[in-house]
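Following: one structure in C-alpha cells, then a few remarks.
The values are calculated or read from the model by the stated rules, or taken from the named source; none is laboratory data. Just so it is clear, the model here is predicted, and its values are computed rather than measured. When we count neighbours, we look across all protein chains shown, and the Cβ atoms used for this are built from the backbone with ideal geometry, even at glycine.
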C-alpha cells in the first residue's frame, strides 16, 4: 500500500459525501420509475440492485485510492466468492426467485396473500425474502424461493371477492319467504354489491352432522369490493342472525368464508 496524498483524501471525501447520496438518489429514482412502469415489487428490487451495486463500486474505488492493489483483491475476492457461493446457494436461489417474482408479478406490496400456513398483507419484497404482516399483526418472513415454489393464493388480486355462506332453518319454514328475507337483508347493506348479483338458493333438505332435526339448507353468495372482504363475512353473519331473531326464527349458520 502506498502513501495517501491530499488529492487521494479529497477524492475519497467526494466519494463518501457526494457519491453515496447520489447513489441513494439514483436508487430512489430507479425505484419510482420501475414501480410506475411495472410494479412496486420491481421498483423495490431495482432500487436495491442500484444502491448495492453503486456501493460496491465506491468501496472498490476507495480501496484503489488508498493504494490497495485492486486487481489482486478482486482475484482473491473471486476465489473467496466461489467458496462463499457454494455455502450460500440458498441465498443465490432466493435472489433468482425474486427476479422471477418480478417478471411474473403474482402479487404486489399491500396485497393479502396466503402461502402455506401464512396469511397476511405483503409489507416488503426484498432480494432474498418477502415480509408479511399476518392477520394477528405479527411479522412473517418468507424466502423468495419458498414463495415461488409452493402454492400461493393472492386474496386481493381482483377488485371484487365472493363471500359464501351456508345457513339452515327448520324444515317447516316457508323456503321462498326465507329466500326473500335473506335477499332483503343483502339489498339493504351497502357492503354487498348488486353486480355481480347475489345468489340465494336451496342447497339441500337434511340433517347437519349428528343432529336428528330435518332442516332446510340455503347457499348464500354475495360479492364485496376488495377493501371489505375481510370484514364482510362477519357482517353478513351478524345481520342474518339479528334480522331472523327479530321474527323469532331460529337459524343455524354453518359456514361463512
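Condition check: over 24 Å from residue 48 (Cα atoms) and in contact with a strand residue (DSSP E or B) (Cβ under 9 Å, 6 or more places away or on another chain). Does residue 113 satisfy that? When the stated conditions are applied, residue 113 does not pass them. Entry remark, region 93-107: residues being closer than 22 Å to residue 161 by Cβ and crowded, with 18+ Cβ neighbours inside 10 Å number 1 in total. Restricting attention to region 223-251 and to residues that are loosely packed, with under 15 Cβ neighbours inside 10 Å and outside any loop (DSSP other than H, G, I, E, B), the residue that is farthest from the chain's Cα centre (by Cα) turns out to be 246. When residue 197 is tested against (1) over 26 Å from residue 112 (Cα atoms); (2) surrounded by fewer than 17 Cβ atoms within 10 Å (Cβ to Cβ), exactly one condition is not met: (1). Among the residues of region 198-207, is there at least one that is in the same structural domain as residue 236 (by TED's automatic domain parsing), in a loop (DSSP other than H, G, I, E, B) and either closer than 28 Å to residue 240 by Cα or touching a strand residue (DSSP E or B) at 6+ places or on another chain (Cβ under 9 Å) (or both)? Among the residues of region 198-207, at least one is in the same structural domain as residue 236 (by TED's automatic domain parsing), in a loop (DSSP other than H, G, I, E, B) and either closer than 28 Å to residue 240 by Cα or touching a strand residue (DSSP E or B) at 6+ places or on another chain (Cβ under 9 Å) (or both), which makes the answer yes.
Taking region 191-210 as the range and being closer than 15 Å to residue 238 by Cα and modelled with pLDDT under 90 as the test, only 191 passes. With respect to residue 142, determine if the residue is without any contact (Cβ under 8 Å) to a residue 60 or more places away in the chain, closer than 30 Å to residue 46 by Cα, under 20 Å from the mean Cα position of the chain (by Cα) and assigned to a strand (DSSP E or B). It is true that residue 142 is without any contact (Cβ under 8 Å) to a residue 60 or more places away in the chain, closer than 30 Å to residue 46 by Cα, under 20 Å from the mean Cα position of the chain (by Cα) and assigned to a strand (DSSP E or B).
One line per residue, one yes/no per condition, for (1) surrounded by 14 or more Cβ atoms within 10 Å (Cβ to Cβ); (2) closer than 26 Å to residue 37 by Cα; (3) not assigned by TED's automatic domain parsing to the domain that holds residue 227:
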site	(1), (2), (3)
110	no, yes, yes
113	yes, yes, yes
117	no, no, yes
121	yes, yes, yes
127	yes, yes, yes
131	yes, yes, yes
136	no, no, yes
143	yes, yes, yes
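Of the residues making up region 131-142, those that are modelled with pLDDT of 90 or more and touching a strand residue (DSSP E or B) at 6+ places or on another chain (Cβ under 7 Å) are 131, 132, 133, 134, 139, 140, 141, 142.
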